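Reviewing the structure listed below.
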Amino acid sequence: EDQVTQSPEALRLQEGESSSLNCSYTVSGLRGLFWYRQDPGKGPEFLFTLYSAGEEKEKERLKATLTKKESFLHITAPKPEDSATYLCAVQVPSGSARQLTFGSGTQLTVLP
Amino acid sequence: DSGVTQTPKHLITATGQRVTLRCSPRSGDLSVYWYQQSLDQGLQFLIQYYNGEERAKGNILERFSAQQFPDLHSELNLSSLELGDSALYFCASSVDPGQGQTQYFGPGTRLLVL
């Protein structure tokens, strides 16, 4: 069974204190790994898609990396507005199905 | 703003009732996906449509059904509602169901069953 595990479940940082969130996966034939940000009561907001090991993508203070077994979301010098739940999801080949399998998320709080 | 719209934003109803949730995908997107998010289950895939045809089913109950119309909007019908159906329901869309396509999520419908 495909599994996606995110750690830590919750993370509190001081403003400017850099850190990383982890997403480990056990899937066969990964077709894409996706990072989303979700604010309370809102829909997930797309951040990055990674397709192959060694790939990296950056956007402002966020950088996502991918290996064969896990992905990291690095947050550099975070600000309070970066506080949110960060979700990782994978897509695997399954006939014509293209659904995403999500991890349980990391709830990030950045304190001023 | 992802470009995916969902109505209504909030819905309060009673057990045993039936409701319909509506989703309009981003302009140009042909695939629509429905997900359910509850506190104890996280985001769970329900069903996928592409250009009006059902493509895949996930953890969707028999009491739930969906369809995608010729104008590509989609509706999720929930019937014989139970307390446990209270959750956030999200619609997502992508250009096509090709592998690795990014799915963009709508703002969701919060359903409360009393």
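Structure values in brief
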item	result
Student exercise, the stretch B:27-72 dipole from Lys, Arg, Asp, Glu Cβ charges, in Debye to nearest 20	100 debye
Fraction of the pair-distance distribution of chain A above 17 Å, Cα-Cα pairs, percent	51 percent
Average beta carbon contacts from partner chains per residue of A:42-49, 10 Å cutoff	6
Low-density loop positions, chymotrypsin sites (Phe, Trp or Tyr not before Pro), the stretch A:1-99 - DSSP coil, at most 15 other Cβ in 10 Å	A:Tyr51
Shielding of A:29-38 by partner chains, average beta-carbon count, 10 Å	3
Heavy-atom surface of the stretch A:20-87, accessible at 1.4 Å and reported per residue (Å²)	47 Å²
q = 0.13, 0.15 Å⁻¹: log10 I(q)/I(0) that the Debye formula gives for the stretch B:13-111, counting C-alpha atoms only	-0.41, -0.55
Qualifying GluC sites (Glu not before Pro) for the stretch A:49-112 [loop in DSSP, other Cβ within 10 Å: at most 10]	A:Glu60
Rg [Å, one decimal], Dmax [Å, integer] - the protein assembly as shown, C-alpha atoms	17.5, 51
With every protein chain in place, the stretch B:8-114: carbon and sulfur % of accessible area (1.4 Å)	47 percent
Accessible surface buried once A binds B (1.4 Å probe; total of both sides; Å²)	1700 Å²
Residues of type lysines that A:Lys63 reaches as a straight line, Cα spacing below 28 Å, ignoring anything fewer than 8 places off in the same chain	A:Lys42, A:Lys79
For the stretch A:7-51, average projected area of the Cα convex hull in nm²	4.5 nm²
Average beta-carbon neighbours from other chains, 10 Å sphere, peptide B:102-114	3
Listed residues A:Gly32, A:Gly41, A:Gly16, most fluctuating in chain A (Gaussian network, C-alpha, under 10 Å)	A:Gly41
The stretch B:56-114: GluC sites (Glu not before Pro) in DSSP loop, at most 13 other beta carbons within 10 Å	B:Glu62, B:Glu82
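The values are calculated or read from the model by the stated rules, or taken from the named source; none is laboratory data. Everything numeric in this text was worked out from a predicted model, so none of it was measured. Note: ideal-geometry Cβ built from the backbone for every residue, glycine included; neighbour counts use all protein chains shown. Side chains included, ligands, DNA and RNA excluded: accessible areas come from the protein's heavy atoms. Shrake-Rupley method; radii C 1.70, N 1.55, O 1.52, S 1.80 Å.
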